[in-house]
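As structure tokens, the structure follows; a few thoughts come after it.
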Amino acid sequence: MTSILILNGPNLNLLGTRQPEVYGHTTLADIEAACHAHAKGAGITVSCAQSNHEGVLVDEIHAAKGCHDGIILNAGAYTHTSVALRDAIASVEVPTIELHLSNIHAREAFRHVSHIAPVAIGQICGFGAQGYLLALDAMVAHLQGAR
Ligand code: DQA
């Protein structure tokens with residue numbers, strides 16, 4: 001069965017209370033529950049992980065190789081700073097979708113730079129929590145096309 005890792009980076013554990021005017025009121029637990037329900041309907045499985053630590057996220061990406069068919073990654077602020085995350089994604093060759101709740105391109109200039117985008121199969125941003133479900137559908141379609 002197709003298996004997808006949903007990986008969230010720093011400060012995303014605070015969703016629901018963190019700047020709700022930017023990120024909404026939905027908690028990470030709500031998002032993960034919605035992803036599990038959506039996956040069940042699509043006949044796939046998802047695993048969810050979150051860390052505030054760059055190296056732990058690198059380890060999660062390494063562990064995805066041979067274990068998951070795709071990664072949906074909201075790397076949070078590490079998106080804009082982390083060559084290590086970019087290199088990890090390039091190294092494991094597991095198709096990865098870059099995800100953001102907010103539209104990073106409509107925000108501060110430093111958020112317009114993504115180290116993840118060049119190694120991702122695509123980017124979804126600006127659709128809030130719904131973006132995770134859009135990313136799941138996009139990943140399933142990508143994997144079906146790839147087979
Ligand atoms: C974010 C956007 C990033 O710029 C920010 O640092 C985050 C959240 C988003 O989901 O919109 O932590 O990845």
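Show the residue pairs meeting these rules: Cβ distance below 9 Å; 6+ apart or different chains; first residue within the range 2-18 and among the basic types (Lys, Arg); second residue open to solvent by 20 Å² or more (accessible area, probe 1.4 Å).
18/11
Inside the range 91-131, can you point out the residues that are closer than 20 Å to residue 67 by Cα, touching a helix residue (DSSP H, G or I) at 6+ places or on another chain (Cβ under 9 Å) and not aliphatic (A, V, I, L, M)?
91, 95, 96, 98
Mind checking whether some residue in the range 39-46 is within 13 Å of the ligand (Cβ to nearest atom) and small (Gly, Ala, Ser)?
no
Working only within the range 46-84, note down all residues that are hydrophobic (A, V, I, L, M, F, W, C), crowded, with 19+ Cβ neighbours inside 10 Å and in contact (Cβ under 8 Å) with a residue 60 or more places away in the chain.
Once the filter is applied, which keeps residues that are hydrophobic (A, V, I, L, M, F, W, C), crowded, with 19+ Cβ neighbours inside 10 Å and in contact (Cβ under 8 Å) with a residue 60 or more places away in the chain, the range 46-84 yields 46, 71, 72, 73, 75.
Identify the single condition in (1) more than 16 Å from the ligand (Cβ to nearest atom); (2) open to solvent by 30 Å² or more (accessible area, probe 1.4 Å); (3) in contact with a helix residue (DSSP H, G or I) (Cβ under 7 Å, 6 or more places away or on another chain) that residue 34 does not satisfy, given that it satisfies every other one.
Single failed check for residue 34: (1).
How many residues are more than 17 Å from residue 12 (Cα to Cα), open to solvent by 50 Å² or more (accessible area, probe 1.4 Å) and within 11 Å of the ligand (Cβ to nearest atom) when one looks only at the range 89-122?
7
The values are calculated or read from the model by the stated rules, or taken from the named source; none is laboratory data. Because the structure is predicted, anything quoted here is derived from the model rather than measured. Cβ atoms come from the backbone with ideal geometry, glycine included; neighbour counts cover every protein chain shown. Side chains are part of the model used for accessible areas, which takes the heavy atoms of the whole protein and leaves out ligands, DNA and RNA. Shrake-Rupley method; radii C 1.70, N 1.55, O 1.52, S 1.80 Å.
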